[in-house]
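Where a number appears in this text, it was derived from the coordinates with a stated rule and is not lab data. Source: prediction; values computed, not measured. Ideal geometry is used to build each Cβ from the backbone, glycine not excepted, and the neighbour counts take in all protein chains shown.
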DNA sequence: CGTGGCATGTAAACGGTTACATGATTTA
DNA sequence: TAAATCATGTAACCGTTTACATGCCACG
């Protein structure tokens with residue numbers, strides 16, 4: 001009777017909007033909490049079965065297709081979700097491969113670190129753009145939805161942290177480019193610090 | 001012949017300083033990259049065995065104790081580490097339970113969200129303090145170490161993002177407290193901040 | 001003499017991803 | 001009618017955590 005966190009995202013997504021299929025739920029996760037959470041089908045479909053067998057969600061026939069299986073959250077499911085929401089959140093052990101490589105970067109040439117940071121900047125700029133799009137469109141598409149203020153808050157934290165990372169990247173690149181000049185192969189040996 | 005990322009942290013830690021034991025490595029990870037990476041003993045010890053059997057590290061007897069098993073990175077190990085460092089980094093799928101709970105917070109009372117944010121602020125303030133300590137002490141303890149500039153960069157990103165999160169938290173709390181007042185729920189005067 | 005830190009390990013269980021298999025339905 | 005997308009599912013595999021077991025060694 002213990003649930004993985006996948007179960008709660010699924011429950012949550014069905015609480016936000018009923019009559020979703022496994023496929024829908026995956027897409028909804030991608031589109032709404034994709035910046036900070038992900039799930040695969042291999043996780044979602046078994047979870048759906050399990051939640052249904054426990055009465056936390058209930059399968060309903062789809063008007064669109066016989067193949068498609070839609071679900072609704074039950075009252076028991078809502079209770080379960082609310083209990084979990086009120087529990088203290090746990091910090092997942094962070095795993096940032098970028099930072100790990102940067103940490104050991106003195107083993108390789110400064111260009112490697114510079115390359116990684118540039119790549120990070122590119123990814124963060126892209127992330128920033130999509131978040132800006134969402135920021136613009138979400139209020140219009142979800143006017144009146146009680147979830148909206150919270151959705152905007154999650155977006156706000158994502159944007160704030162991404163902005164901070166972008167700023168850091170800029171100064172970090174500047175720093176490394178001087179460091180590269182100081183120890184790089186293109187500089188005569190006598191000019192080293 | 002494919003290695004998990006655990007192998008590379010271990011290799012990296014032995015590249016930074018030789019003659020470390022599994023226990024040492026764990027502590028070193030905690031102390032230096034703990035903000036963005038973690039490993040458990042159940043992962044470290046088997047990895048050590050495997051790397052040794054592949055000749056990427058080599059066990060050396062300890063002068064301190066017969067029980068203690070120290071390791072050094074080999075030339076092959078260094079090559080392997082450098083290759084990995086140059087490879088593009090992968091973004092791990094982020095999993096932020098705090099944001100997930102905040103996203104679904106309209107299912108529960110605003111106080112729940114407020115409580116979570118306050119808790120986040122507390123954790124971030126603590127993290128900020130330890131990072132500030134490290135920022136102050138690291139340069140003195142590692143003067144001349146070629147890794148130092150990179151270590152400070154990783155610390156810098158951690159601090160920048162934590163600062164951004166702290167700022168966000170402040171405005172988010174302000175916002176939610178008005179939202180709480182607007183929805184009719186009265187708060188006893190003594191409970192306000 | 002006891003406590004806390006040093007030190008090494010393993011087995012079971014878990015959570016999760018990947019790759020694969022299959023086919024219906026919509027749209028260009 | 002071809003391509004894209006919708007849609008469901010599973011089995012194998014992997015990395016990781018947890019809990020447990022053991023015992024040394026230094027210090028107060």
Checklist entry - more than 14 Å from DNA strand D (Cβ to nearest atom), facing chain A (nearest Cβ under 7 Å) and assigned to a helix (DSSP H, G or I): does that describe residue B:15? => result yes
Checklist outcome for this item: Only one of B:98, B:89 is touching a helix residue (DSSP H, G or I) at 6+ places or on another chain (Cβ under 6 Å), part of a loop (DSSP other than H, G, I, E, B) and closer than 26 Å to residue A:94 by Cα, namely B:89
Checklist entry - Can you find a residue in region B:82-99 that is under 30 Å from residue A:11 (Cβ atoms) and away from DNA strand C (no atom under 13 Å from the Cβ)? => result yes
Item to check | Output for region B:55-85, where each listed residue is within 14 Å of DNA strand D (Cβ to nearest atom) and more than 14 Å from every other protein chain (Cβ to nearest Cβ) | outcome: B:61, B:62, B:63, B:64, B:65, B:66, B:67, B:68, B:69
Checklist entry - In region B:18-49, which residues are more than 10 Å from DNA strand D (Cβ to nearest atom) and assigned to a helix (DSSP H, G or I)? => result B:22, B:24, B:25, B:26, B:27, B:28, B:29, B:30, B:31, B:32, B:48, B:49
Checklist entry - For region B:15-38, what are the residues that are crowded, with 16+ Cβ neighbours inside 10 Å, within 13 Å of DNA strand C (Cβ to nearest atom) and over 15 Å from the mean Cα position of the chain (by Cα)? => result B:20, B:21, B:22, B:24
Checklist entry - Among the residues of region B:86-95, how many are more than 20 Å from the chain's Cα centre (by Cα) and within 16 Å of DNA strand D (Cβ to nearest atom)? => result 1
Checklist entry - Is there a residue in region B:39-54 that is in contact with a helix residue (DSSP H, G or I) (Cβ under 6 Å, 6 or more places away or on another chain), touching a residue at least 24 places away in the same chain (Cβ under 8 Å), within 14 Å of chain A (Cβ to nearest Cβ) and away from DNA strand C (no atom under 16 Å from the Cβ)? => result no
Next on the checklist: Checking the structure you have, find out if any residue of region B:50-65 is assigned to a helix (DSSP H, G or I) and out of contact with any strand residue (DSSP E or B) (no Cβ under 7 Å at 6 or more places or on another chain).
Outcome noted: yes
